[in-house]
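For reference, the structure is listed below as structure tokens.
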Amino acid sequence: MVFDPLRNAQQMGELIAEVTAEPLSLVLEKLEHERQHPGRTVADDFAARGGGPRYVWGKHLEAFYGSTSAFLYELAVWSRNSAKAQLRRWTVRHMSRRGEPLDVLGIGDGMGFDCLHLAQKGHRVTYFELAGLSERFARKMFERKGAKIPVLTEPSEIPHEAFDAVICFDVLEHVPDPPAMVKQIASYLRPGGRLYVSAPFFMLLPWYPTHLRGNRRFSGSLRLYQEAGLRLVGGRFTWFPVVVEKPAADGSSHASGWTIPIRLTAPILWVGRVAAWPFFPVHLLRRISNRRFESEPSRPLARSGAEAVGK
């Protein structure tokens, strides 16, 4: 049987169970629960621990990141989502315009599915993630897929000006200092290199307690990237993703006509600086676009499984 955990629930569950030591039956129940109720696994576990306020950076949040397995379930289901699959395909098509394999760095790719997809398309990919369950999952998946993807866990290990492209999806809304991180990312790019980035700063909804309120000021703003010396060159009008480029040695960049729609939709995202609930349809769309695995658990979610995720 082909090893493809993005399609096969049993394979996904077995790999998660291997890195978490949780029973496979419970893992499969939690995966199905997350598919039906996206974001609830993380939100419920965060609430159950009662360690501090939502949307605020602090030691309680650092401790949560270091102890919970909930993000594995959220990431597994999100990686299967049709919108996320479209993002991967769009990114590959955009990178293909360069006409040759690229050196790509994946920052915060979690379980590693984006990096694996790019590697399978012929790019030379390096994966960076802080050490933890997601990184352990990615290592095991790369090994079983036979993908030669270097795994880095310390920022000091990342070489400067060594990459033609960096992907950073759904990361910046979680970090306490996005401007500093974007400047650091820019240092990894070669002149003419591009950052593919998406960051839903506006999603301060109950299902996303680890998104930081202090970052909402960046919603709909390109200044975050401009201050790091990066220029808008493309992307999707939804900002999923935006593509910004480090100018070439002669100061030139390669903008496309798609910069105009991105600028026109910026005012819609600016609303996220003051209100989150107008973006509830985005969460609803995420739920609707969650795809079933080819092999789902054969029985409905048991009461014990619901209790295990804080229901």
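The values are calculated or read from the model by the stated rules, or taken from the named source; none is laboratory data. The shown structure was predicted, so the numbers you read here are calculated from the model rather than taken from an experiment. Here the Cβ is made from the backbone with ideal geometry for all residues, glycine too, and neighbour counts use every protein chain on show. Heavy atoms of the whole protein, side chains included, go into the accessibility calculation; ligands, DNA and RNA do not. Shrake-Rupley method; radii C 1.70, N 1.55, O 1.52, S 1.80 Å.
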Query raised in the report: Is there a residue in segment 21-30 that is in a helix (DSSP H, G or I), in contact with a Leu (Cβ under 6 Å, 6 or more places away or on another chain), closer than 24 Å to Met141 by Cα and open to solvent by less than 30 Å² (accessible area, probe 1.4 Å)?
Result: yes
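In segment 41-53, what residues are more than 29 Å from Ile288 (Cα to Cα) and either among the β-branched types (Val, Ile, Thr) or part of a helix (DSSP H, G or I) (or both)? Before the answer, list the steps.
Taking segment 41-53 as the starting set, the residues that turn out to be more than 29 Å from Ile288 (Cα to Cα) are 50-52.
If the condition is that a residue be more than 29 Å from Ile288 (Cα to Cα) and either among the β-branched types (Val, Ile, Thr) or part of a helix (DSSP H, G or I) (or both), then no residue fits.
Kindly indicate the residue of segment 57-69 that is assigned to a helix (DSSP H, G or I) and touching a Gly at 6+ places or on another chain (Cβ under 9 Å) and also surrounded by the fewest Cβ atoms within 10 Å (Cβ to Cβ) among those meeting that condition.
We begin by selecting, within segment 57-69, every residue assigned to a helix (DSSP H, G or I); these are 59-67.
Subsequent filtering for residues that are touching a Gly at 6+ places or on another chain (Cβ under 9 Å) retains 59-61, 63-66.
Numbers: Lys59: 9, His60: 14, Leu61: 21, Ala63: 13, Phe64: 20, Tyr65: 12, Gly66: 11.
Per the stated criteria, the residue is Lys59.
Every residue, every condition in (1) of a type outside the set (Ser, Thr, Tyr); (2) modelled with pLDDT under 95; (3) in contact with an Asp or Glu (Cβ under 8 Å, 6 or more places away or on another chain); (4) not in a loop (DSSP other than H, G, I, E, B), yes or no:
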{"site": "Tyr55", "(1), (2), (3), (4)": "no, no, no, no"}
{"site": "Leu72", "(1), (2), (3), (4)": "yes, no, no, yes"}
{"site": "Lys84", "(1), (2), (3), (4)": "yes, no, no, yes"}
{"site": "Gly110", "(1), (2), (3), (4)": "yes, no, yes, no"}
{"site": "Ala119", "(1), (2), (3), (4)": "yes, no, no, yes"}
{"site": "Ala138", "(1), (2), (3), (4)": "yes, no, yes, yes"}
Query raised in the report: Does segment 248-261 contain any residue that is outside any loop (DSSP other than H, G, I, E, B), open to solvent by less than 70 Å² (accessible area, probe 1.4 Å), at pLDDT below 95 and out of contact with any Phe, Trp or Tyr (no Cβ under 7 Å at 6 or more places or on another chain)?
Result: yes
Query - Test result for Arg287, of a type in the set (Lys, Arg), closer than 30 Å to His37 by Cβ, in contact with a His (Cβ under 9 Å, 6 or more places away or on another chain) and in a helix (DSSP H, G or I) - result: yes
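For segment 165-196, give me each residue that is part of a strand (DSSP E or B) and open to solvent by 10 Å² or more (accessible area, probe 1.4 Å). Full working, then the answer.
Here is the first cut: in segment 165-196, the residues part of a strand (DSSP E or B) are 165-169, 189-196.
Matches in segment 165-196: Phe169, Arg190, Pro191, Gly192, Arg194.
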**Report entry** Set Pro38, Pro101: member being touching a strand residue (DSSP E or B) at 6+ places or on another chain (Cβ under 8 Å) and in a loop (DSSP other than H, G, I, E, B)
**Finding:** Pro101
**Report entry** Complete set of residues in segment 137-150 that are open to solvent by 30 Å² or more (accessible area, probe 1.4 Å) and either under 16 Å from the mean Cα position of the chain (by Cα) or without any contact (Cβ under 8 Å) to a residue 40 or more places away in the chain (or both)
**Finding:** Arg139, Glu143, Gly146, Lys148, Pro150
Query raised in the report: Out of curiosity, is Arg223 surrounded by fewer than 13 Cβ atoms within 10 Å (Cβ to Cβ), out of contact with any strand residue (DSSP E or B) (no Cβ under 8 Å at 6 or more places or on another chain), farther than 20 Å from Gly108 by Cβ and modelled with pLDDT under 95?
Result: no
